[in-house]
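Beneath this line is the structure, given in structure tokens, with notes to follow.
The values are calculated or read from the model by the stated rules, or taken from the named source; none is laboratory data. These figures come from a predicted structure and were not determined experimentally. Here Cβ is always computed from backbone atoms with ideal geometry, including for glycine, and neighbour counts include all displayed protein chains. Heads up: the accessible areas ignore ligands, DNA and RNA and are worked out on the full protein's heavy atoms, side chains in. Shrake-Rupley method; radii C 1.70, N 1.55, O 1.52, S 1.80 Å.
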Amino acid sequence: QVQLVESGGGLVQAGGSLRLSCVVSGSISSINAMGWYRQAPEKQRELVATITAGLSITYSASVKGRFTINRDNTKNTVYLQMNSLKPEDAAVYYCHDEIYGYWGQGTQVTVSS
């Protein structure tokens, strides 16, 4: 059984920072491409950032320059450092295994203006 468990969400003021973590456990390779997605109320889930096994990274235009994705394969963990947060960044953030399609349960990020 594979599990993706996110943590690190919370309430932050606009301009603040948060660091999300996603720990992958179970019978899954730690070298998979991983992604962070988010879903705001009444909106579709959208891609935030991805990182491949070879550390190739992509960002959505809305977060580029403010968010940083990285991974620690020794800990089977993917991180999302979010800086200069804006109210429009508020959403539930999900971790996703890009190869096998597993999702985490999500972590709520709230940004106050």
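Couple of notes before you dig in:
- Once the C-beta distance of VAL2 and ASP72 is scaled by a Förster radius of 22 Å, the resulting FRET efficiency is 0.80 to the nearest 0.05.
- Working value for the range 72-113: equivalent-ellipsoid semi-axes of 24, 13, 8 Å, each the square root of 5 times a Cα gyration tensor eigenvalue, largest first.
- Using a cutoff of 8 angstrom between alpha carbon atoms and counting only pairs six or more residues apart, the relative contact order for the range 5-72 works out to 19 percent.
- Rolling a 1.4 Å probe over the protein heavy atoms of the range 16-113, with every protein chain left in place, gives an accessible area that is 50 percent carbon and sulfur.
- Longest segment of the chain lacking GluC sites (Glu not before Pro) that sit in a DSSP loop with at most 15 other Cβ atoms within 10 Å: 43-97
- For the range 24-108, dividing the convex hull volume of the Cα atoms by the residue count gives 96 Å³ per residue.
- Within the chain: Cβ-based charge dipole about Cα centre, in debye rounded to nearest 20 (Lys, Arg +1; Asp, Glu -1): 200 debye
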